Structure formats: C-alpha cells, structure tokens
Amino acid sequence: GALGIMLGCCYRLSCVAFLCPYWYLLLLDKTSWNNHSYLYGLLAFQLALLGADRYGSLDGLFRPQKRNAHVPLWNYTLLRAQVFIVYFIAGLKKLDADWVGGFSMGTLARHWLFAPFRLVLSEELTSRLVVHGGGLLLDLSAGFLLFFDTTRPLALVFVTYFHCMNSQLFSIGMFSYTMLATNGLFCRPEWPRGLVARCPQWLQRWLPSTEPPQPSPDCHYGGRGARGGLRPRQHLAAAFTILYVLEQLFLPYSHFITQGYNNWTNGLYGYSWDMMVHSRFHQHVKITYRDGLTGEVGYLKPGAFTQSRRWRDHADMLHQYSACLSRLLPRYNISQPQIYFDVWVSINERFQQRLVDPRVDLVRAPWSPWTPTPWLLPLLVDLSPWRQRLQELEAQLDGHTDAVFIADFPGLHLENFVSEDLGNTSLRVLRGQLLVELVEQQQNHSLQEGEGMQLPAGQYHKVHTVSPEPSCYMYLYVNTTALELERNLTRLQELRERLRNGTEQSPLPAELRPLLGEPLPTGVPLDPALSLLLRREERQQRRERDSGLAQRLRRFLRRKFFLFRR
C-alpha cells in the first residue's frame, strides 16, 4: 500500500491497502498508541480522499484525464491544517506551568547537541531558554510562519533544525523525517515543477512534466472559465474539510467526556499533541495477589504476562491488566485472585508518590470511560513548589550519595528493603510526621519534621504516615560496596603508575601480575578491582581507536540506515 501511494499506482486501492491494516494493527494494542502513530493514520486517511496522484504518477501514464491535472485547493487546505494543528496545539499544551517552569525536560540541556549554547549560557539557562522557551516559541509560531510567503524561508530553517535535533535527542522513529517532509506542503504548489525545470535536459526526459497543468473536473475555477456552478460533490468536500478541522481542534480538549481515561494527565497519550510535556520516573512497582479462598499472599514480577510498561501510568490499563491476571493466575492454583498495585512515580521532577490506592482490589474495582476513576490517587500539586528545594538538596550531595524524595498520603505506609550494599542509608523527614517500623528488630521510631535516623542494611522497614496531611521525606543512600571498589581502583592505578616510572620497590603479589601485562598464575583468582580496571582500560583504548571522524560518521550512517530500513 505504501509503495503504491508513493508511485501513484492504483492510488485509491493502494490507500485502502495501507489504511485498513494500519488502523487495525494500531487499534489492537493501546500500549503502542502515541501522537506519532496517530498522525500517520490521519495522514493516510486524508490521502485516501485526496487527488495526490495527479503529477508524476504511474496512474497518469494510463489515464490522460489525471495526467498533470490541477488539484483542488481543499486538498492542500486539509493537509496544511493538519500539520498546523500538530504544531499549534503542541505549543498550547506547552503553556503548562511545568513546561514554562523548565521541569518537563530538565536534563535535556546536558546533551551534546546543546553544547554550543552552553558556551554562553549555564546549563539551567540553556534548559529554560533554549529547550523549553525555544520549543514553546517554535511550536506556537511554526504553523503561521510556514503559511506566509515572506516568513516561510526563515521558518524552514528553524523547523528543519528543530526536527534534525529531535531525531538525535529522542527515539521517535520516523516522526522527525515525516515532519520534515511536510514542509513542502506549505510551499507554492508548483515548486516540484520548478525543481524539475532546473535539471539537465537529458534528465528531464525521465522526470515529470514541466508543462502547465491541465484543468481538472474536480476543480471549480470561479470567474476564470468556470463550467457551471458548484456541484454537490464540491459542497461535500468543503463541508468535510470544515468539519474535519473542527473535530481535530476539539479532540485534544475532549477529555471532560472520557474522564475514565484521565490520570495525572488528561486522556490517552495519543491524540492530544502534548508531546514531551510530561516526563516520568518510576521508582517502585509492586504487584500483590491474594488467594480469595485461602488468603495466601504473594507477589508478581512487574510486567508478568506482558511486554509493555505503559500500564504503569494509566488507570484503564491497570484495570485491564488486573482482569488479565485474574484469568491467568487460577492456572497456578490461585483461586479467585485479588490484585493490588503499588505504583510509585515522579512526574516532572516532583516527589515520588503513589498513582493508585494500594488497598483496592482492582479486579473488582469499578471503572468507566465516562466517570472519574475513584481509586486513582491525586497528584500532589501543592508540593510542586518543593522542586526547587529538592534540586538544591541534590546539588549538595557528593558523587557517592543518591537521594530519593518521597511523598505519601495519611494512613498509608511504604514497605522498603535496604540492600546490604547500601551500608550507609538514612531517612530524613521534610514535612509531616512518620512512624518508622523496623520489622526484624520489632522497633518503632517516631520522627517529626527535620528529624532523621539511620536504617539497618539487609533488612525490611515500613514508613507510616501518621500526620493528617501528606508527608514528605527523603532517603540518602551511600553504596559502600561501590565506594570501596572505587578506592581499590584508585590504589591500583597509583600502583601501576609507580611500576611504570620505577618507584615501586616492594615485590608485586601474584594476583596483581596482570598489571605488568603478565598472565595470571594458575589457580590464583583474579582480583575484582583489577578485573574492572583492565576492562575500563580496554574500553578506553577501543574508544580512542574508534573516535576518528570517519569511524563516527560510519556509525552514524549505519544507525540511520537501520532506522530507515525498519
């Protein structure tokens, strides 16, 4: 179907051959739905209605009335309006406070593509002004600038630069290249004819005609030799164009109807054009099942029986997933299973918090596409001003300490396990009151705002929120195992330097002989720190060997080749 559309061969049939399987496969799995795949389906639907086989098509070779014929203006209007809506609605959605505040794509400014901007701006200003401010300004203005002849050249430069950057920043498949291809829709319709006219004469014989187009019965020419008035088909085309554009303007704001699909963000991620406005980080996902007859409790690996991870962010998918599990678990001798989800997620650099109530059995929980989901917990937007302080707290940490910021609701608790590698783990209260239960020691510790405590490694503990308002607290983790490994690596590197410059006088142990390039003696185990050091040096040598311009260009072209082939 796609090949037939491209060549203009059996055009209508090719459109159907592409359109029907595409939408069928897309609608089979809602987890694969996104703005890009939705846009491809819309463009395919429009092409099936348009006269896109009038110039340079195989159909034109066999049907003279189609060959080099005019195309009705509403065809261009429909495609231009669709692309304009993609840009403009995406810009309107970026007026969200999180995007304007620079929290949606907070770490994107560290990418090498923004290195030229970081020469004159700090990373924070690059994120605020270039990533967020520039993205907002381009989306809002691109459609208008592309429409007018005077501003189109400038728009083409910025839009092309924008989509080329996106192709390197994100794994979004063909979307960037599709949007680059739509730039030609806004240019004058005769631009391909002018391009062919500039080609050598011997090449023009194999290219589409440069002759002026012939009149088409599908067009209405007004006062210029019009053959009769407007026909019913043309009235229908005009009405369809207007209704389609209005429908596309309404859909991104129709979430007050389909309230069951609303979560912390509105609606299914797919037809709203809220691209890159929300970034999520999942800290913890737990699936608990309970046997309805015996009361036996167990846990499932997150993602069991599915290869998708989209269910973690959508209440409707969680409800479907629980129904799926309730049908599958009886095969494993679990009768009348009850399913409970505990999903912790941070959106746009906020606190980690629960998405759904972990006390509700989602198998029997109510859900409707038309009413709000009662077991969905609200986003704690009142804590959004904390994000600046959280960034300041993280900036104070050294390179070996990690922080996790948690917010929880009154009456709920977090059960957590501290790995033995995290030998130095502490908890500190930022707001509210907590009761920390050390499970193995059977001890309870009450903590107020500003207080903290050390947590034992290799043990479970529970953090109960006992204050009437949501609590906020932070974990500070120090990976003592990794820290000790880094210290051993430093000592080995210093030892190697002394061996190279001849200042090391003491004999070298057998397990460290590989530092001299000698093989390890038989029966002597390889030191883990030495093994890591040798692997790092090997990777560094390989990186230096492959860092030439030709090698990097070859890797870049290879990646693009496989992307386009897929």
Legend entry - Yes/no for E190 being at pLDDT below 90 and assigned by the TED database to the domain that holds N35: yes
Inset, instruction - Would you check which residues across segment 108-133 are within 19 Å of the chain's Cα centre (by Cα), assigned to a helix (DSSP H, G or I) and touching a residue at least 24 places away in the same chain (Cβ under 8 Å) and list them? - result: L108, L113, S127, V131, H132
Inset, instruction - Say whether the condition of being assigned to a loop (DSSP other than H, G, I, E, B) and open to solvent by 40 Å² or more (accessible area, probe 1.4 Å) is met by at least one residue in segment 230-245. - result: yes
Legend entry - Residue count, segment 326-367 (criterion: under 27 Å from the mean Cα position of the chain (by Cα) and small (G, A, S)): 1
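Looking for something under 27 Å from the mean Cα position of the chain (by Cα), surrounded by fewer than 17 Cβ atoms within 10 Å (Cβ to Cβ) and hydroxyl-bearing (S, T, Y) - is there at least one such residue anywhere in segment 62-76? Write out each step before concluding.
Filtering segment 62-76 for residues under 27 Å from the mean Cα position of the chain (by Cα) gives none.
Looking through segment 62-76, none of the residues is under 27 Å from the mean Cα position of the chain (by Cα), surrounded by fewer than 17 Cβ atoms within 10 Å (Cβ to Cβ) and hydroxyl-bearing (S, T, Y).
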Legend entry - Selection within segment 372-400 - aliphatic (A, V, I, L, M) and over 30 Å from D316 (Cβ atoms): L390, L393, A395, L397
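Could you list all residues from segment 467-499 that are under 23 Å from L393 (Cα atoms) and open to solvent by 50 Å² or more (accessible area, probe 1.4 Å)? Walk me through how you get there before you give the answer.
Step one: of segment 467-499, the residues under 23 Å from L393 (Cα atoms) are 469-480, 482-483.
Residues satisfying the conditions are E469, N479, T480.
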Inset, instruction - Please state which of the following conditions A142 fails to meet, knowing it meets all the rest: (1) closer than 19 Å to V277 by Cβ; (2) touching a helix residue (DSSP H, G or I) at 6+ places or on another chain (Cβ under 6 Å); (3) free of Cβ contacts under 8 Å to residues at least 12 places away in the same chain. - result: (3)
Legend entry - From the options M174, M105, residue that is touching a residue at least 60 places away in the same chain (Cβ under 8 Å) and either touching a Lys or Arg at 6+ places or on another chain (Cβ under 7 Å) or open to solvent by 50 Å² or more (accessible area, probe 1.4 Å) (or both): M174
Inset, instruction - Within segment 128-135, identify whether any single residue is of a type in the set (V, I, T), open to solvent by less than 40 Å² (accessible area, probe 1.4 Å) and under 20 Å from F170 (Cα atoms), and answer yes or no. - result: yes
Inset, instruction - Answer yes or no as to whether D29 is more than 20 Å from E247 (Cβ to Cβ), assigned by the TED database to the domain that holds W206, open to solvent by less than 50 Å² (accessible area, probe 1.4 Å) and acidic (D, E). - result: no
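If you go through segment 283-294 one residue at a time, do you hit one that is outside the structural domain of L329 (by the TED database) and not in a loop (DSSP other than H, G, I, E, B)?
Of the residues in segment 283-294, the ones outside the structural domain of L329 (by the TED database) are none.
Among the residues of segment 283-294, not one is outside the structural domain of L329 (by the TED database) and not in a loop (DSSP other than H, G, I, E, B), which makes the answer no.
Just give me the residues in segment 248-267 being among the hydrophobic types (A, V, I, L, M, F, W, C) and touching a residue at least 24 places away in the same chain (Cβ under 8 Å), in sequence order.
So the first thing to find is which residues in segment 248-267 are among the hydrophobic types (A, V, I, L, M, F, W, C), and the list is 249-251, 256-257, 264.
Answer for segment 248-267, where residues must be among the hydrophobic types (A, V, I, L, M, F, W, C) and touching a residue at least 24 places away in the same chain (Cβ under 8 Å): L249, I257, W264.
The values are calculated or read from the model by the stated rules, or taken from the named source; none is laboratory data. Keep in mind that this is a model prediction, so the values were computed, not measured. Don't worry about glycine lacking a Cβ; one is built from the backbone with ideal geometry, like all the others, and counts go over all protein chains shown. Remember, those area values only see protein heavy atoms, side chains included, never the ligands or the DNA or RNA. Shrake-Rupley method; radii C 1.70, N 1.55, O 1.52, S 1.80 Å.
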